[in-house]
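Take a look at the structure set out below.
Please treat every number below as a calculation from the coordinates, not as lab data. Just so it is clear, the structure is predicted and the values come from calculations on it, not from any experiment. Neighbour counts are summed over all protein chains in view; Cβ atoms, including those assigned to glycine, are modelled from backbone coordinates with ideal geometry.
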Amino acid sequence: MKLKYSEEVMHFGNDNNLVGILSKPLEVMAKAPLLIIVNAGVLHRVGPCRFSVKLARELASQGFTVFRFDYSGVGDSGFSALGHDLQENHTAELIQAMDTLENYVRADRFVIHGLCSGARDAFHAAVSDKRVVGVSQVDGYSYRTSKYYWIKVKEKLSSVGGFIGFVKRRIAAVFNRASEDGPPSATAEMTVAQWPDAPSCKIVAEGYRELVPRGVRFVVVYTGAWQDTYNYESQFFDMYSRVDFCKQAKLIYMPESDHIMTNPIHSQQLTSAISWLLHD
Amino acid sequence: MSSFFIGPPDKQIFAVLSEPRQQSENNTLVVLCYPFGQEYMRAHRAYRQLANLLARSGFTALRFDYPACGDSYGDVPLESVSELMADLQRVVDTVQGRTQATRVYVVGLRFGALIAAKIAEQMPAVNGLFLWDSYTSGADFIADCTKQAASQVFSSHEPRPGETWSVHGFPLAAHFRDSIATFDIRNCNFSSAMKLHHIISHENVASRALHQHFGVRLNQKLILSNGDWNYVDKEGSILMPAALISTLSKTITRA
């Protein structure tokens, strides 16, 4: 069967230390933005359960150009001389990727997809660079709302045993917090960088308030793995209740899904949603 | 480090070559065979680190993704081990020609150890085999996959014999399972010149069985470290047993 796309390895960034794969359709859909897929945590650009590869090839077959790459120190990319702030580094490297692609394939608009830390990266890159017109976030920032607590308490109180267990766990959590072990010793090259703390809900909301008037569109997905902070479908809109997303955000709640979407049914649902972002 | 695709357009294999920065006289190509599925994701960075250490010691290290895995082409899971071996032969031949390597070593972790043993048995150019937390046989690998496939929360039934299984999101075809199930490292007919090593993170039934079968011919080293390659968590974590990787690299460079 003849493929509807081709792929090439790209080396870019300072000292050409970053590695990515560009999936190019044989027939490019005119004026469509280019999709960039970023690393999910420390997993390399193939993505959990090979999702990034499948997504790139599926969309390239539909006429969209897709690029997925490894940040410095992840996957096959070398280390960089950037500073120590991981979030700033990721934003800088995403901008380097956009610059490279703008020169190489004349792309001037981008959609960024990320899972977990990648969801945060997609959001920050959109705030920093106006070429970003769409953001796809799976299990990104989440903040507990009053409704979240109400649902949690209702669940805990549904049985006496559950209530006692709930109180015990809360007490244990308070005492255990101070005794968590640090990371095991390792050589510098093998150390996995620590993710920065999440900014406040207010700061993230401000970001969304900047992005919506720019016309940026969003696919927002929360899986069951985020139950500790996200436990009902519309929580996203409650978290950012002062942001009017108009019709620019598509929210998908997948309480049955695990974080890395091992069930193909969930990843197919996500692929369709991202395709929506790429169509004007 | 250079990354590239090898092969015809619809059957391209993604490969990464880590070469010594300075001209090296040892002319040895070390072929690193990844484990399968979720374990491949967990081991990717450890493999990169191993490749870097080998390149610093003057060796050329080749990593590659199996067909329909990682960045290599294809969505349909592999049908047979012989199909896989034909693809790998092409990859090794291409890279060996490109690097002018006169010696070839193969390294494999878990499922990759089975494939490495198969390569070592079939390709005359290979003169060193380095197993890492190896299975004894394809049957053991399939038994492990059966447990993993059955433990997935979304599975509505036990994995069935004739179907392609999804093992934590990675497809494993029925014909491929059948063809690897009959392979056993203990039945391999390695040349007498072949150096055999096994680096293990912990002792288990497989390490004892291989030691018992090969006796003193197998240089087995225990480096106590994390070895739960098939562990699946909700975060998608990786495993980086630094001391073991370092020992493995030294074992290869001193072989």
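Miscellaneous remarks
- Nearest 10 degrees, 0 to 90: helix A:146-156 Cα axis against chain A principal axis: 60 degrees
- Put the Cα centre of the stretch A:95-129 next to the Cα centre of the stretch B:1-78 and the gap is 27 Å.
- At most 15 other Cβ within 10 Å, DSSP loop - trypsin sites (Lys or Arg not before Pro), the stretch A:1-84: A:LYS2, A:LYS4, A:LYS31
- Percent RCO, i.e. relative contact order, over chain B, from Cα pairs under 8 Å lying at least 6 residues apart: 20 percent
- When only Cα pairs below 8 angstrom with a gap of at least 6 residues are kept, chain A shows a relative contact order of 18 percent.
- Computed from the Cβ-Cβ distance with R0 of 30 Å, the FRET efficiency linking A:ASN16 to B:GLU203 stands at 0.10.
- Cα-based helix-to-principal-axis angle, B:38-56 vs chain B, degrees rounded to 10: 0 degrees
- Mean-position separation - Cα centroids, the stretch B:204-223 and the stretch A:1-22, in angstrom: 42 Å
- Cα gyration tensor category, rounded, prolate or oblate, for the stretch B:117-255 with a/c compared to 1.5: oblate
- A:GLU233 paired with A:ASP85, simple spin-label distance in nm, labels 7 Å along Cα-to-beta-carbon: 3.9 nm
- Take every DSSP beta bridge whose two residues both sit in the stretch B:47-171; close to 25 percent of them are antiparallel.
- Taking all pairs of distinct alpha-carbon atoms in the protein assembly as shown, Kirkwood radius in angstrom: 24.6 Å
- Shape of the stretch B:1-76, Cα gyration tensor, a/c cut at 1.5: oblate
- Shape of the stretch A:71-135, Cα gyration tensor, a/c cut at 1.5: oblate
- Within 10 Å of the Cβ of each residue in A:43-53, the mean number of Cβ atoms contributed by other protein chains is 6.
- For chain B, the Cβ-based charge dipole about the Cα centre amounts to some 980 debye (Lys, Arg positive; Asp, Glu negative; other atoms uncharged).
- The label point for A:LYS24 and the one for B:ALA125, both projected 7 Å from the Cα toward the Cβ, are 3.0 nm apart.
- Stokes-Einstein D (µm²/s) once Rh is taken as the Kirkwood radius of chain A over alpha-carbon pairs, at 25 °C in 0.890 mPa s: 122 µm²/s
- Looking at the stretch A:5-78, the GluC sites (Glu not before Pro) that sit in a DSSP loop and have at most 13 other Cβ atoms within 10 Å of their own Cβ are A:GLU27.
- Cα-derived Rg to Rh of the stretch A:1-127, Kirkwood definition: 0.95
- Degrees between helix A:160-176 axis and first principal axis of chain A (Cα, 0 to 90, nearest 10): 70 degrees
- Shape annotation for chain B: C-alpha extents along the principal axes are 56, 44, 37 Å, from largest to smallest.
- DSSP beta bridge pairing in chain B, given as percent antiparallel to the nearest 5: 35 percent
- Filter on A:LYS130/A:LYS202; B:LYS195/B:LYS221; A:LYS2/A:LYS24; A:LYS130/A:LYS247; B:LYS147/B:LYS250 - keep pairs with C-alpha separation over 23 Å: B:LYS147/B:LYS250
- Label-reachable residues, the stretch B:106-120, where backbone N falls under 18 Å from a point 7 Å from B:SER80's Cα toward its Cβ: B:115, B:118-119
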